[in-house]
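Just so it is clear, none of the values below were taken in a lab; they were calculated from the coordinates. Since the structure is predicted, the reported quantities are computational estimates derived from the model, not experimental observations. With ideal geometry, Cβ positions are generated from the backbone for all residues, glycine too; neighbour counts draw on all protein chains shown.
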Amino acid sequence: MSSVREDPVKMHKEAGTLMDSGNYTEAKDMFLRAAELYKKSQNFFDATTMYYKAGEASFALKEYEQAIEYFEKSAQLSFDKGYDRFGVSALDYAKDCYKALGNEEKVAELDKKIKETKAKLESAF
């Protein structure tokens, strides 16, 4: 067992390479591990990005329920930390997952939340 500390930046890059080569399962696992490490070190923006990327990998694998979980984690952390535009993007992707699953009620619910958040953002400027 190695005592070398895991490096989320290296994991982030490696996961991106795995994703680009179509190895979505390994990429997803590495994105999730990097998200936890980033979160632990209080690097919340990169943590939200890693959850988002794990969602993209799950979406590519057609694991829509899992993708929703990761996109919603990304969105919630984004909204909690003031990265509202990124949160909206994650919700939009979650909405696409619900569409793929045929859950029109959740599509409508997220559509409403996205529109409300966008309106709030526009009124802030």
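Condition check: crowded, with 23+ Cβ neighbours inside 10 Å and in a helix (DSSP H, G or I). Does ALA54 satisfy that? Before you say what the answer is, go through the steps one by one.
On the way: crowded, with 23+ Cβ neighbours inside 10 Å: yes; in a helix (DSSP H, G or I): yes.
Taking the combined requirement at face value, the residue satisfies it.
Just checking, which of SER41, SER89, SER78 is in contact with a Gly (Cβ under 6 Å, 6 or more places away or on another chain), small (Gly, Ala, Ser) and either on the phi < 0 side of the Ramachandran plot or surrounded by 18 or more Cβ atoms within 10 Å (Cβ to Cβ) (or both)?
Values: SER41 fails: in contact with a Gly (Cβ under 6 Å, 6 or more places away or on another chain); SER89 fails: in contact with a Gly (Cβ under 6 Å, 6 or more places away or on another chain).
Step by step, each of SER41, SER89, SER78 is checked, and only SER78 is in contact with a Gly (Cβ under 6 Å, 6 or more places away or on another chain), small (Gly, Ala, Ser) and either on the phi < 0 side of the Ramachandran plot or surrounded by 18 or more Cβ atoms within 10 Å (Cβ to Cβ) (or both).
Hey, among PHE79, PHE71, which residue is within 26 Å of GLU122 (Cα to Cα), of a type in the set (Phe, Trp, Tyr), within 11 Å of the chain's Cα centre (by Cα) and assigned to a helix (DSSP H, G or I)?
Numbers: PHE79 fails: within 11 Å of the chain's Cα centre (by Cα).
On inspection, the qualifying residue turns out to be PHE71.
With respect to TYR38, is the statement that it is assigned to a helix (DSSP H, G or I), touching an Asp or Glu at 6+ places or on another chain (Cβ under 9 Å) and not basic (Lys, Arg) true? So that I can check it myself, show each step before the final result.
On the way: assigned to a helix (DSSP H, G or I): yes; touching an Asp or Glu at 6+ places or on another chain (Cβ under 9 Å): yes; not basic (Lys, Arg): yes.
Taking the combined requirement at face value, the residue satisfies it.
Looking at the stretch 42-49, is at least one residue in contact with a Phe, Trp or Tyr (Cβ under 9 Å, 6 or more places away or on another chain) and either part of a loop (DSSP other than H, G, I, E, B) or closer than 21 Å to LEU110 by Cβ (or both)?
Scanning the stretch 42-49, I find at least one residue that is in contact with a Phe, Trp or Tyr (Cβ under 9 Å, 6 or more places away or on another chain) and either part of a loop (DSSP other than H, G, I, E, B) or closer than 21 Å to LEU110 by Cβ (or both), so the answer is yes.
If you check LYS112, LYS62, which single one turns out to be exposed (fewer than 14 other Cβ atoms within 10 Å of the Cβ) and not in a helix (DSSP H, G or I)?
Working: LYS112 fails: not in a helix (DSSP H, G or I).
So the residue among LYS112, LYS62 that is exposed (fewer than 14 other Cβ atoms within 10 Å of the Cβ) and not in a helix (DSSP H, G or I) is LYS62.
Scan the stretch 4-32 for residues that are within 23 Å of VAL88 (Cα to Cα) and surrounded by fewer than 19 Cβ atoms within 10 Å (Cβ to Cβ) and jot them down.
Residue satisfying the conditions is GLY16 alone.
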